[in-house]
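A.B. asks: Quick one: the structure is below, and I'll ask about it shortly.
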Amino acid sequence: MTAPAAEPTIFERIAAREIPAQIVAETDRVIAFHDIAPQAPVHVVVTPKQGAYRDVVELAGGDPGLLAELVDVARGVADELADGDFRLVFNTGANAGQTVFHVHAHVLAGRLEEGSLAG
Ligand code: 5GP
């Protein structure tokens with residue numbers, strides 16, 4: 001018997017254009033969009049289009065090339081929307097503030113408050 005297909009994550013549904021989002025960058029495997037609840041002047045979520053990996057530890061072990069691609073998209077977003085400097089935050093685990101268990105990075109840029117972190 002085959003296991004039932006997992007429900008798509010909210011970020012997979014954004015990548016499939018089922019849920020609207022302000023998309024700012026995209027490659028074949030990665031998508032970037034403005035966070036719905038921004039914690040910084042520029043706050044963009046960068047995530048693989050497929051939700052195969054729950055967090056950055058799984059992604060780094062399973063597909064380091066995709067992690068590198070995600071970081072490269074984050075750099076491009078910071079170049080495009082800010083001055084090129086940025087903070088990259090991967091909340092990892094519920095106790096660290098992770099609420100969506102589909103690996104994603106928060107790109108935070110533009111006159112950041114001292115000590116501000118997403119999540
Ligand atoms: P986490 O807390 O898992 O590190 O980050 C999840 C992020 O996704 C949060 O910052 C939250 O505001 C954002 N988010 C959750 N749902 C949506 C949505 O439907 N659209 C957008 N653009 N962002 C979302």
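A.B. asks: Listed highest first by mean packing, meaning other Cβ atoms within 10 Å per residue, what order do 47-56, 78-87 come in? Don't skip to the answer; put the middle values down first.
C.D. replies: Working: 47-56: 18.8, 78-87: 15.8.
Ranking, from highest mean packing down: 47-56, 78-87.
A.B. asks: What do you get for the angle between helix 64-81 and the principal long axis of the chain? Use alpha-carbon atoms, 0 to 90 degrees, nearest ten.
C.D. replies: Around 40 degrees separate the two axes.
A.B. asks: Which of ILE31, ILE23 comes first, and how do the rest follow, when ranked by fewest Cβ neighbours within 10 Å?
C.D. replies: Ordered by Cβ neighbours within 10 Å, fewest first: ILE23, ILE31.
A.B. asks: Output needed: percent of Cα pairs per 10 Å distance bin for the chain, bins running from 0 to the one holding the longest distance.
C.D. replies: 14, 46, 33, 5, 1, 0
A.B. asks: In nm, what is the difference between 0.36 nm times the number of residues separating GLU26 and LEU88 and their Cα-Cα distance?
C.D. replies: 20.6 nm
A.B. asks: Go ahead and run the numbers for FRET between ARG54 and ARG17, Cβ-Cβ distance against an R0 of 30 Å, rounding to 0.05. Mind dumping the intermediate values first?
C.D. replies: Values: r = 23 Å, r/R0 = 0.77.
Computed FRET efficiency for ARG54 and ARG17: 0.85.
Here, each number is a calculation from the coordinates, and none is a lab measurement. This is a predicted model, so every value here is computed, not measured. Here Cβ is always computed from backbone atoms with ideal geometry, including for glycine, and neighbour counts include all displayed protein chains.
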